[in-house]
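Working notes, structure below.
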Amino acid sequence: GIQVEQSPPDLILQEGANSTLRCNFSDSVNNLQWFHQNPWGQLINLFYIPSGTKQNGRLSATTVATERYSLLYISSSQTTDSGVYFCAVDNTDKLIFGTGTRLQVFP
Amino acid sequence: NAGVTQTPKFQVLKTGQSMTLQCAQDMNHNSMYWYRQDPGMGLRLIYYSASEGTTDKGEVPNGYNVSRLNKREFSLRLESAAPSQTSVYFCAGRPTGVTEAFFGQGTRLTVV
């Protein structure tokens with residue numbers, strides 16, 4: 001099956017800093033999503049981005065499908081950005097998650 | 001996320017007991033999924049259903065059964081709960097295989 005790796009596993013930032021999270025996958029995909037799991041465990045949809053670039057406020061994402069990776073950019077980070085960021089991909093109908101990047105933003 | 005409802009939110013079971021986790025969606029999703037998330041880890045796919053009446057195994061199906069009797073509902077059953085099944089369980093749905101998935105709030109299950 002498809003393998004999904006995320007890096008870095010952990011990230012600690014001071015408020016206001018920028019960061020880049022990476023998602024590598026082992027096969028071509030039809031679907032790629034980024035999620036934020038907040039400290040209460042809720043999974044929040046950030047981007048549906050099987051290819052190309054999207055932006056939503058301070059967050060943006062780019063997927064280069066031919067090279068099998070996606071990047072999530074967080075600019076001017078805030079304490080509310082803390083949590084775990086997951087990417088999830090599929091090339092059939094199985095949506096497979098990466099292991100996540102745990103982000104902690106301190107004031 | 002709006003549209004995917006899981007019940008119950010919390011449950012404690014004794015080893016060997018059985019129970020069914022319920023998931024219902026009101027967004028006309030064709031595909032539905034069950035995942036488990038262990039502490040400090042990502043989500044692992046247990047079972048999924050690409051359409052009403054069909055189900056397929058995911059990454060970690062052992063010890064579970066599922067049922068997709070209609071388009072709205074996808075249930076997960078533990079026939080004989082084990083402590084290794086202590087986890088948070090998430091249900092998700094999406095309209096087709098090539099679209100955005102939406103998750104429920106999760107069910108925190110403890111097996112003692």
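Summary table below
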| quantity | calculated |
| --- | --- |
| Condition met for A:Leu13 (assigned to a strand (DSSP E or B), over 20 Å from B:Met41 (Cα atoms) and more than 12 Å from chain B (Cβ to nearest Cβ)) | yes |
| Residue in region A:96-107 that is over 14 Å from the mean Cα position of the chain (by Cα) and in a loop (DSSP other than H, G, I, E, B) present | yes |
| Enumeration of residues in region B:97-112 that are facing another protein chain (nearest Cβ under 9 Å) and over 16 Å from B:Gln6 (Cβ atoms) | B:Gly97, B:Val98, B:Thr99, B:Glu100 |
| All positions within region B:29-49 that are within 12 Å of B:Ala92 (Cα to Cα) and not in a strand (DSSP E or B) | B:His29, B:Asn30 |
| Residues located in region B:55-79, provided they are outside any strand (DSSP E or B), within 14 Å of another protein chain (Cβ to nearest Cβ) and either in contact with a Lys or Arg (Cβ under 7 Å, 6 or more places away or on another chain) or free of Cβ contacts under 8 Å to residues at least 12 places away in the same chain (or both) | B:Thr55, B:Gly58, B:Glu59, B:Val60, B:Phe74 |
| Failed condition for A:Tyr85, given (1) within 28 Å of B:Arg108 (Cα to Cα); (2) in contact with a helix residue (DSSP H, G or I) (Cβ under 7 Å, 6 or more places away or on another chain) | (2) |
| Region A:14-48: number of residues that are on the phi > 0 side of the Ramachandran plot and either among the aliphatic types (A, V, I, L, M) or at pLDDT below 95 (or both) | 1 |
| Top-ranked residue in region A:29-65 [being touching a residue at least 60 places away in the same chain (Cβ under 8 Å) and farther than 21 Å from A:Ser82 by Cβ; ranked as farthest from the other protein chains (Cβ to nearest Cβ)] | A:Val29 |
| Answer from A:Ser70, A:Ser60 - the residue that is within 11 Å of the chain's Cα centre (by Cα), farther than 27 Å from B:Pro39 by Cα and assigned to a strand (DSSP E or B) | A:Ser60 |
| Selection count where residues are out of contact with any Leu (no Cβ under 6 Å at 6 or more places or on another chain) and not in a loop (DSSP other than H, G, I, E, B), scope region A:21-32 | 5 |
| Residue match in region B:23-36 (condition: among the small types (Gly, Ala, Ser) and either free of Cβ contacts under 8 Å to residues at least 12 places away in the same chain or at positive phi (or both)) | no |
| Selection within region A:66-107 - within 8 Å of another protein chain (Cβ to nearest Cβ), among the polar types (S, T, N, Q) and under 20 Å from A:Thr53 (Cα atoms) | none |
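The values are calculated or read from the model by the stated rules, or taken from the named source; none is laboratory data. Quantities reported herein were computed from a predicted structural model and do not represent experimental measurements. For neighbour counting, all protein chains shown are included, and Cβ atoms are generated from backbone atoms with ideal geometry for every residue, glycine included.
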